[in-house]
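Since every read-out is calculated from the coordinates, none of them should be taken as a lab result. Note that the structure is a prediction, hence the values are computed from the model and not measured. As a convention, Cβ positions derive from the backbone with ideal geometry for all residues, glycine included, and neighbour counts pool all protein chains shown.
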Amino acid sequence: AISLSLIAPFTAEEMWEKLGHQPSVARAGWPKIDETLLVAEKVIALLQVNGKIKDRIEVAPGIDEAALREIALANPAMIEAIGQMTVKNVIVRAPKLVNVVV
C-alpha cells in the first residue's frame, strides 16, 4: 500500500485503513530492507548437451568452474545424454551453465 500511494493515493489510503494501520499511509515510513535476505543461498545451474537442456541442479552461488564441471559430468542425465559419444568441449560458466559439446 505504501508503494501504491505514490500513484493511487486514495486507493492506497483505503487499503491501509482496511489493514488496520494508523496513522495515514502518507505518514508511514518506507519498509526497512533486511540485507541478509538478499543473498542467494542456492542458484539453478543448467546442464546442456549441444545447447539442449538436459537437467537443472541447485548449486552454491560461489561454486568454482572446476567443481561445477565435475558435478555436471557426474550427473546421471548428462551421462545418459552423452552416452558413447566423444566429448569435444565442455563450456562452464559458473554458477549458471555447463554445456557439453559432443
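Applying 1/(1 + (r/R0)^6) with R0 = 41 Å to the Cβ-Cβ distance of Ser24 and Arg56, what FRET efficiency is obtained, to the nearest 0.05? Don't skip to the end; give the middle numbers.
Working: r = 46 Å, r/R0 = 1.13.
Once rounded, the FRET efficiency stands at 0.30.
Based on the alpha-carbon gyration tensor of the range 43-101 and its eigenvalue square roots a ≥ b ≥ c, which shape applies: rounded if a/c is under 1.5, prolate if not and a/b is larger than b/c, or oblate?
prolate
In the range 1-85, which GluC sites (Glu not before Pro) fall in coil by DSSP and have 11 or fewer other Cβ atoms within 10 Å?
Working: sites: Glu13, Glu14, Glu17, Glu35, Glu41, Glu58, Glu65, Glu70, Glu80; in loops: Glu41.
Answer by residue number: Glu41.
For the chain, how many pairs of lysine residues have a Cα-Cα distance under 17 Å, where the two are 8 or more positions apart or belong to different chains? Intermediate values should be presented prior to the final figure.
On the way: Lys42/Lys96; Lys52/Lys88; Lys52/Lys96; Lys54/Lys96.
Final tally of qualifying lysine pairs is 4.
By counting other Cβ atoms within 10 Å of each Cβ, how are Lys32, Lys96, Lys54 ranked from fewest to most?
Values: Lys32 6, Lys96 13, Lys54 20.
Going from least to most buried by this count: Lys32, Lys96, Lys54.
Measuring from centroid to centroid over Cα atoms, what is the spacing of the range 1-17 and the range 37-102 in Å?
First find each Cα centre; the distance between them is then 46 Å.
What would the Debye formula give as log10 I(q)/I(0) at q = 0.14, 0.20 Å⁻¹ for the alpha-carbon point model of the chain, no solvent?
-0.61, -0.92
Pop the C-beta distance of Glu65 and Glu35 into the FRET formula with R0 = 41 Å and round what comes out to the nearest 0.05.
On the way: r = 28 Å, r/R0 = 0.68.
Computed FRET efficiency for Glu65 and Glu35: 0.90.
Of the candidates Val25, Val87, Val39, which one comes out as most mobile in a Gaussian network treatment of the chain with C-alpha springs shorter than 10 Å?
Among Val25, Val87, Val39, the largest GNM mean-square fluctuation belongs to Val25.
As a footprinting exposure proxy, order Met78, Met15 by other Cβ within 10 Å, with the fewest listed first. Present the calculation step by step, with values, prior to reporting the outcome.
Working: Met78 19, Met15 16.
By the 10 Å Cβ count, ascending, the order reads Met15, Met78.
Which residue, Arg69, Arg56, Arg27, has the most motion in a Gaussian network model of the chain that connects Cα atoms within less than 10 Å?
Fluctuation is largest for Arg27.
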